[in-house]
Amino acid sequence: MMKDRRNFSRVDFRVSALLQAEGVAIKGEVSDVSLHGLYMETEEELPVGTPVEVTIYLSATPEPIVINVKGTVARLVPGGIGCSFDKMDVESFAHLRSIISYQGGDESKVMAEFSEYIVKKMHDE
């Protein structure tokens, strides 16, 4: 199911993830993801604004794939943490884009959203 919130298409996607920050490692399950962030179900808490390293584990593939992203805790709600993505390598971006395009069914929309985001970031700097 495609969710159109914030500025990026979010898709339902359940997979294990790990957030690491300030010497703390928090395991949880991603429930939705976009090119700009994710929501992870967990009972653990981190303050909004905390820098995090996010590791997403894709184990349903012939060879396990790991997506690594640097981000920030954007929101904290009972039962979960929302993170925005700040930086990711090209390989992680390619895997994430494929997931979102496949789950959402519209790769051209996903790429258009990403292009708009890049242009906005360039103008903000």
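The values are calculated or read from the model by the stated rules, or taken from the named source; none is laboratory data. Remember, it's a predicted structure, so these values are computed and weren't measured experimentally. Using ideal geometry, Cβ is built from the backbone for each residue, glycine included, and neighbour counts are taken over all protein chains shown.
Taking first residues from the range 32-57 that are in contact (Cβ under 8 Å) with a residue 40 or more places away in the chain and closer than 11 Å to SER84 by Cα and partners that are of a type in the set (S, T, N, Q) and in a loop (DSSP other than H, G, I, E, B), the Cβ contacts under 9 Å between residues at least 6 apart in sequence or on separate chains come to SER34/ASN7; HIS36/ASN7. Considering the range 1-49, the residues that are at pLDDT below 95, small (Gly, Ala, Ser) and outside any strand (DSSP E or B) include one that is farthest from SER101 (Cα to Cα), namely GLY23. Which residue is modelled with the lowest pLDDT, if the candidates are limited to the range 50-70 and must be hydroxyl-bearing (Ser, Thr, Tyr), closer than 20 Å to ILE99 by Cβ and part of a loop (DSSP other than H, G, I, E, B)? Only one residue fits best here, namely THR61.
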